[in-house]
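The values are calculated or read from the model by the stated rules, or taken from the named source; none is laboratory data. In this text the structure is predicted, and so the values were computed from the model without any measurement. Note: ideal-geometry Cβ built from the backbone for every residue, glycine included; neighbour counts use all protein chains shown.
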Amino acid sequence: MSPLLPSAAVIAAGGVLTAVATPLLVLASLGGAARPAAQAPPSATARTDIPAALLAHYQQAAACTGLPWQVVAAIGAVESNHARFGGAQLDPATGTVSPPIVGPALNGHGYAAIRVPAGGSPWHPDPIWDHAAGPMQFLTATWAAWGIDASGDRLASPHNVYDAIATAGRYLCNGQPRLDSITVAIRRYNPSERYVTQVLAKAHTYGMTDDRGDPAPQRPPVIDAVGGPVVHGAARRVVDFALAQLGKPYVWGAAGPAAYDCSGLTLAAYASIGLRLPHYAADQVHYGQPIDWHRQPIRAGDLLLLRGGDPIHDYGHVGIALNTTHWVNSPQAGQSVTVAPLPYQQLQGVRRLFSP
């Protein structure tokens, strides 16, 4: 998620990262892995950018065919600048990174609200809230499901970069012998479209020659909405879709059909009319036409954007206007999609994707 996208959870200010505390939220069953086929060699950029001690581990990380090692390396670059975030140092003999790289508390204040598992976490001292840990940024429960010892010290630790790289390769493969879609795998790591774009771009600089992307979609053509209003009329259909989701639970990273986070709901509502939005409130603010809600009435279908709990997040929450007095949104963990009065005092942005 970028060091700090609400969808992933945290945000790093400055530095080389755009995402340092991206937690992994999906737990999946363990499965066997197939030996990957031969892959493209590292580019000159990869040999310059990636520490020599890590390059071979990235090249061996893929636990299935179809996953380029450059994708794992690109995630390592985005998440922690190859275990160098915050001045951390790598012991190449053991793979230990010190001081440990630990993301902010996922306490719901601008980030996802994720409590530490019962009994606490062995990877950070917080007794209440979980933190993404290590150079590849794993949550406690995710590491418990997927973590492996690749360093040979008989301890699988997210703070050991050799363990973390190998585990990331397994997680991306999701227990399958062959990866059908690289972009889908990256979205499991972080559902932000900006994150996917960033990882793929970095992977190409490292020598990836074919990202293959998603399978050909079996759905109507979509319209990119960046710029100004692009749809004539159809606001009612978007509103009706949003209202049909009332009562469904908030789940971070979800975009339906059984659950939604805030930007997942708006994404799905606009997708119902063939309009493509990214899965992140701070990206959705760049779509459509900006509206001065102090001078112009809000209309049905407008995107309403609020500031997140972290001051770095200019736009941490989003919903859809029903009329000039109410909106529908998926508020936060523990709540459901609901209709509520328009939060005029908290509005930070209004975007209109419909022309009259």
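All of 50, 114 fail the test of being within 30 Å of residue 316 (Cα to Cα) and either assigned by TED's automatic domain parsing to the domain that holds residue 333 or among the β-branched types (Val, Ile, Thr) (or both), apart from 114.
Name the one entry in 133, 168, 156 that is within 30 Å of residue 306 (Cβ to Cβ) and at pLDDT 90 or above.
Just a single option satisfies the conditions, and that option is 133.
Here segment 338-356 is the region considered, the condition is being part of a strand (DSSP E or B) and not hydrophobic (A, V, I, L, M, F, W, C), and the residue that is nearest to residue 240 (Cα to Cα) is 338.
Selection over segment 159-208 of residues that are in a loop (DSSP other than H, G, I, E, B) and not polar (S, T, N, Q) gives a count of 9.
Within segment 135-178, if we keep just the residues that are of a type in the set (S, T, N, Q) and over 20 Å from the mean Cα position of the chain (by Cα), the residue that is surrounded by the fewest Cβ atoms within 10 Å (Cβ to Cβ) turns out to be 176.
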